[in-house]
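The values are calculated or read from the model by the stated rules, or taken from the named source; none is laboratory data. Model, not experiment: these values are computed from the prediction. Cβ atoms come from the backbone with ideal geometry, glycine included; neighbour counts cover every protein chain shown. Side chains included, ligands, DNA and RNA excluded: accessible areas come from the protein's heavy atoms. Shrake-Rupley method; radii C 1.70, N 1.55, O 1.52, S 1.80 Å.
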Amino acid sequence: MATPLQPVRGTRDLIGEEFRRHHAVIEAARRVTALYGFEEWATPIFEDTRVFARSLGDTSDVVTKEMYSFEDRGGDSITLRPENTAGVCRALVSNGLTQSNLPRKVFYAGPMFRYERPQKGRYRQFHQIGAEVLGAAETLADAEVIAAGWDILVALGITDGVVLEINTLGDAESRDRYRAALVEHFTAHREALSHDSQVRLEKNPLRILDSKDEGDRRIVATAPTIEPHLTPAAATFFDGVLRHLDVLGVPTRKNPRIVRGLDYYSHTAFEFVTDRLGAQGTVMAGGRYDGLVEEMGGPPTPSVGWAAGIERLAMLLAASPAAPRPVAVIPVAEAPETAALALVKALRGAGIATEIAYKGNLKRRMERANKLHARAALILGESEVAEGVVQLRDLDAGTQESLPAAEAVRRLSA
Ligand code: ATP
Ligand code: MG
């Protein structure tokens, strides 16, 4: 035998319960976002590298260290998407959707790829759900998209210990003032900053607030906050978002350190965090990105949205969703298999999950039914076929009765 191959480091197979948890997250998110009027989009999992290089900014961790980029056989630079907001904005522009029917509310779910050090809750192929409101500058949009995220957590029963940490990055003028204050602070501690943050100090000092380096974090702890630097308009905007969230019942905690890792944010920035996942405590994160669609070559299209790691949400689910329990049809020998197959077709036609045990004597086939955790068995021997009946065995109660096939189908669909 050949040496068995392993999955690539940082990738996982979703099988059995893991798949069901994953699926439960997506289904809950689909239901909730549909209530809010989001439509689901699927964009390609690889894009022109410029889609991400332009949007995420050249000082982001994602662009500097984490992208899976390669030249394809035609010589084009391609990147496996590390996130999907840029792809959605690119799609809005490429499909000519920037002028009509705004705002557009978009939901997506799918795989993302980042070259990171794999650990619990951090993978190289991971999955996100996400929601974006494209073409809305109003605080109602921020509040609605955040509330949709919260309602997904409610639907999944995982709000316990989760809180929305929220901040504002203000408008351009607030950020310019704030940047100057940060430069002053970090320059005074320049020597103690990590090499990465010394580079950020030149290119994008706000980014330092997001650093995971221990030494940086100590210097960040004493850094000025944005609030005193906000213009009155930016402060009013932030208050508006907080007021709406209060009405919508989303518990919030202001955290002036939330800046988000990506360059394209302004005004609202937020993370839903939990203390139940150790270091990987951010389950959902996003903000307002008023300049991104323009970066993609579209007109000014203020937008706001978030993305959430499906793996992290799935880990928070208390009970694993139950696997569906089928009905097992059991021909006791080969002769009744034809009649058994017709019965299987009728059951599935009636919307009942059904399995047929393929081989062996009655005992072997019953064992198979138990392995499948079937709720009932329909046993068909030659005499049953001759009489037009089946034996219906309730596999939980252990009771058995003989009845016409059509009656059994009716009974099992009740
Ligand atoms: P982190 O600080 O944990 O690296 P991030 O700021 O890079 O997160 P975002 O780009 O905001 O994360 O992605 C949104 C969400 O996607 C995160 O809050 C997290 O739940 C999830 N996520 C991000 N990267 C990974 C990964 N490598 N593996 C699993 N989930 C991830
Ligand atoms: Mg990251």
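Towards the positive end of the charge dipole of the chain, with charges on Cβ (+1 Lys, Arg; -1 Asp, Glu), say which of Leu248, Leu372, Ala29 has the farthest Cα. Projecting each Cα onto the dipole axis, the largest value belongs to Leu372. In this structure Ile45 has an accessible area near 70 Å², from a 1.4 Å probe over the protein heavy atoms.
Can you give the relative contact order of the chain as a percent, counting alpha carbon pairs under 8 Å and 6+ residues apart? Write down the numbers at each step before the final one.
Details: 745 pairs, mean separation 66.7, N = 414.
Relative CO of the chain lands at 16 percent.
Classify region 327-413 from the C-alpha gyration tensor, please: rounded if a/c falls under 1.5, else prolate or oblate depending on whether a/b exceeds b/c. Can you show the working numbers first?
Working: a/c = 1.25, a/b = 1.02, b/c = 1.23.
In terms of gyration-tensor shape, rounded.
Relative contact order of region 178-285, taken over Cα pairs closer than 8 Å and 6 or more residues apart, is 21 percent.
Charges at C-beta only: +1 for Lys and Arg, -1 for Asp and Glu. How large is the resulting dipole of region 327-413 about its Cα centre, in Debye rounded to 20? Before the final figure, lay out the partial values.
Values: 12 positive and 11 negative charges, 76 e Å.
Value, rounded to 20: 360 debye.
Computed from backbone phi with θ = phi - 60° and the Karplus coefficients 6.51, -1.76 and 1.60, the 3J(HN,Hα) list for region 308-315 is 10, x, 5, 4, 5, 5, 4, 5 Hz; x is used for glycine and proline.
Think of the chain as having a plus end and a minus end, set by charges on the Cβ of Lys, Arg, Asp and Glu; of Ala53, Ala91, Met315, Met315 sits farthest toward the positive end of this dipole. Around the amide H of Ala335, modelled in the peptide plane, lies no amide H under 5 Å away from a residue 5 or more places distant or on another chain. Simple rule: put +1 on each Lys or Arg Cβ and -1 on each Asp or Glu Cβ in the chain, find the dipole, and look at Gly149, Pro111, Trp41; the Cα lying farthest toward the positive end is Pro111.
From the cross-link list Lys65/Lys203; Lys120/Lys254; Lys105/Lys254; Lys65/Lys212; Lys120/Lys212, which pairs have alpha carbons spaced over 23 Å apart? Walk me through the numbers on the way to the answer.
Details: Lys65/Lys203 16 Å; Lys120/Lys254 27 Å; Lys105/Lys254 26 Å; Lys65/Lys212 14 Å; Lys120/Lys212 17 Å.
Among Lys65/Lys203; Lys120/Lys254; Lys105/Lys254; Lys65/Lys212; Lys120/Lys212, the Cα-Cα distance tops 23 Å for Lys120/Lys254; Lys105/Lys254.
Ordered by 1.4 Å accessible area with all protein chains kept, Arg114, Arg30, Arg207, Arg410 run largest first as Arg410, Arg30, Arg114, Arg207. Taking all protein chains together, Val390, Val93 sort by accessible area into Val93, Val390, largest first [probe 1.4 Å].
Mind ranking Glu173, Glu132, Glu116 by accessible surface for me, highest first, 1.4 Å probe?
On the way: Glu173 105, Glu132 0, Glu116 30 Å².
So the residues, ranked largest to smallest area, are Glu173, Glu116, Glu132.
Cross-link partners for Lys359 among the lysines, with Cα-Cα distance under 26 Å and sequence neighbours closer than 8 places in the same chain left out: Lys345, Lys371. Other residues lying with their Cβ under 13 Å from the Cβ of Val183 contribute a combined charge of +4, Lys and Arg counting +1, Asp and Glu -1. Computed about the Cα centre, the dipole magnitude for the chain is approximately 940 debye when only Lys and Arg (+1) and Asp and Glu (-1) carry charge, each at its Cβ.
Mind pulling the angle between the C-alpha long axis of helix 337-349 and the longest principal axis of the chain? Nearest 10 degrees, somewhere in 0 to 90. For 337-349 against the chain, the angle is about 40 degrees.
Backbone amide hydrogens, once placed in the peptide plane, bring Ser303 within less than 5 Å of Gly135, Ala136, Tyr289, Asp290, excluding anything fewer than 5 places away on its chain. Helix content alone sets the calculated 222 nm mean residue ellipticity of the chain: runs of n ≥ 4 DSSP H residues at -39500 (n - 2.57) each, divided across all residues, give -11500 deg cm²/dmol.
Here Glu401 sits with roughly 80 square angstrom of accessible surface, probe radius 1.4 Å. Taking a Cβ cut-off of under 14 Å around Gly157, the surrounding Lys, Arg, Asp and Glu residues balance to a net charge of 0, with basic ones at +1 and acidic ones at -1.
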